[in-house]
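Structure first, commentary second.
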Amino acid sequence: MPKPRGYFRIDLPPDSTRTVEAPCPFTAEVPVYARLETGPNGGADGAGNCRTDLFFPGQRAAVHMTWRRLQGDLPQLIREAHVFKEKHQVLATRIKEEQVIREHDRVFGTLFALDGNVASPMMFYLTDSVSNFLYGALYFDVRPNADSLAPVTDRIRSDIRALAHSLRWELPAGVVEHVQ
């Protein structure tokens, strides 16, 4: 007798985080079931950028992140993040934007949650508006299928939100932070 078509059961690991220090100048809370790895050359790409990847091996997913020091180009970098998001609009059924405003820690940015069979269901940028800019995008190592990936996508989106709300910029050596 033919069986109805089904999908594999997805068991997600317990929701638990740990603080990691990236090779780039920031720290953040990440899930214990994920691992942070640097790109080649210790993350440096020759253009002054620092690349890191947050891998979710059990979910076949990765958040590719690029940090760079601002050089008076914040509006251009934000515009580029929006242009990259808009490239996914063709396949996206909806794009939800969530603002991140943490004045005390000088963390500002936007999280983009894209619904539909898109290559990247979550993108974000975070900045202190003065010297740091972090861009990230979630990718799965499988063909995009929003319905079957929904539980995993929702969990990793939650993990990215936790990263955004726990991110702390590291100060360069010799710089003292002034708290008002």
Could you count how many residues in segment 52-108 are polar (S, T, N, Q), under 17 Å from residue 136 (Cα atoms) and in a helix (DSSP H, G or I)? 1
Any idea which of 17, 52 is more than 23 Å from residue 148 (Cα to Cα), surrounded by 13 or more Cβ atoms within 10 Å (Cβ to Cβ) and under 13 Å from the mean Cα position of the chain (by Cα)? 52
Looking at this structure, is residue 133 assigned to a helix (DSSP H, G or I) and aromatic (Phe, Trp, Tyr)? no
Scanning segment 82-108 for residues that are surrounded by 13 or more Cβ atoms within 10 Å (Cβ to Cβ), among the β-branched types (Val, Ile, Thr) and either free of Cβ contacts under 8 Å to residues at least 60 places away in the same chain or on the phi > 0 side of the Ramachandran plot (or both) gives 95
Residue identified as at pLDDT below 95 and surrounded by 16 or more Cβ atoms within 10 Å (Cβ to Cβ) among 134, 126, 114: 114
Answer with yes or no whether residue 113 is of a type in the set (A, V, I, L, M, F, W, C), touching a residue at least 60 places away in the same chain (Cβ under 8 Å), within 22 Å of residue 10 (Cβ to Cβ) and not in a helix (DSSP H, G or I). no
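The values are calculated or read from the model by the stated rules, or taken from the named source; none is laboratory data. Since the structure is predicted, the reported quantities are computational estimates derived from the model, not experimental observations. Cβ: placed from backbone, ideal geometry, glycine included. Neighbour counts: every protein chain shown.
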